[in-house]
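See structure below.
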Amino acid sequence: MVKKQLIWTCDSLLDEDARKVYQENKRECSGNAKHEVTNEEWAEEVYLWLDDERTNLTKEVNGVIIAFADLGLWYGRRQGYKIIGKNIADILRSTHDAEWFGDTYNIRGVEYHHDGTNYILYRVAKDMETAQRITEKIYSGEIDEVQFRKMTRSLHPYVAEIYGWKTRCRKCVLSNGTA
């Protein structure tokens with residue numbers, strides 16, 4: 001069974017226990033025992049946690065991060081991609097409700113929107129030239145996720161190093177030469 005190592009989720013907006021703890025802290029800090037946390041205030045707090053995770057993940061990789069996506073669109077499922085760059089924090093960008101996590105081998109994201117759900121796999125290409133060749137193959141439908149994984153290396157070891165997660169990756173070498 002694959003263990004899900006959560007980085008961040010918008011589901012925290014629905015966590016009533018966390019919201020109650022936050023409200024009690026606000027009441028205690030403000031001295032106002034009747035303070036009620038608004039939905040807007042709670043959303044702002046949860047999205048500050050996302051900013052914290054971006055700060056945690058502000059680290060460059062040795063290579064170029066590519067997002068390979070299985071997109072849920074109103075006219076069906078399609079493949080997509082995006083060249084992210086070198087900074088891990090840049091994967092934590094979405095205009096939809098989202099979550100990001102490690103699955104012991106890879107870093108993945110899920111975005112929820114009115115047309116469906118997008119499933120995203122983040123991996124590292126050797127350099128920009130290689131990333132562009134890979135994305136051309138994704139665009140033309142020449143490769144699927146399995147082939148994409150074979151042409152790239154896992155982002156998981158970089159994130160695992162930051163959060164202290166154990167990694168199962170066999171050939172994981174970071175920019176400093178460590179695994």
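The values are calculated or read from the model by the stated rules, or taken from the named source; none is laboratory data. No experiment lies behind these values; they were computed from the predicted model shown. Quick reminder, even Gly has a Cβ in these numbers, built from the backbone with ideal geometry, and neighbours come from all protein chains shown. To get the accessible areas, we keep the full protein, side chains included, count just its heavy atoms, and leave off ligands, DNA and RNA. Shrake-Rupley method; radii C 1.70, N 1.55, O 1.52, S 1.80 Å.
For GLN79, list long-range residues whose amide hydrogen, built 1.01 Å from N in the peptide plane, is under 5 Å from its own amide hydrogen.
Those qualifying (amide H under 5 Å, at least 5 residues apart or on another chain) are LEU71.
For GLU41, what charge total do you get from the other residues with a beta carbon under 11 Å from its beta carbon, if Lys and Arg give +1 and Asp and Glu give -1?
-2
ALA98: net charge of surrounding residues, Cβ under 15 Å, Lys/Arg +1, Asp/Glu -1, itself excluded?
Neighbourhood net charge equals -4.
Cα-based Rg of the chain per 2.2 N^0.38 Å, rounded to two decimals?
Normalised Rg, Cα atoms only: 1.18.
Could you list, in their original order, any pairs among LYS3/LYS126; LYS82/LYS137; LYS86/LYS137; LYS4/LYS166; LYS137/LYS166 whose Cα atoms are separated by more than 23 Å?
With Cα atoms farther than 23 Å apart: LYS3/LYS126; LYS137/LYS166.
Accessible area per residue for the chain in Å², computed with a 1.4 Å probe and the full protein assembly in place, what is it?
Here the residues of the chain average 60 Å² of exposed surface.
No solvent, one uniform scatterer per C-alpha: report log10 I(q)/I(0) for region 1-101 via the Debye equation at q = 0.12, 0.17 1/Å, two decimals.
-0.57, -0.93
Taking just the C-alpha trace of region 49-149, give me its Rg and Dmax in Å.
When restricted to Cα atoms, region 49-149 yields Rg and Dmax of 13.5, 38 Å.
Using only Cα atoms and rounding to the nearest 10 degrees, what angle (0 to 90) does helix 39-56 make with the longest principal axis of the chain?
Relative to the chain, helix 39-56 is tipped by roughly 40 degrees.
Could you tell me the relative contact order of the chain? Use alpha-carbon pairs under 8 Å, at least six residues apart, and round to a whole percent.
RCO, the chain: 22 percent.
Report, ordered by chain and residue number, the lysines lying within cross-link reach of LYS34, taken as a straight Cα distance under 21 Å and ignoring same-chain residues fewer than 8 apart.
LYS20, LYS26
Using only helices, what value at 222 nm comes out for the chain when you add -39,500 (n - 2.57) per DSSP H run of length 4 or more and divide by the total residues, to the nearest 500 deg cm²/dmol?
The per-residue figure over the chain is -10500 deg cm²/dmol.
Got a number for carbon plus sulfur as a percent of the chain's accessible area, 1.4 Å probe?
Roughly 49 percent of what the probe reaches on the chain is carbon or sulfur.
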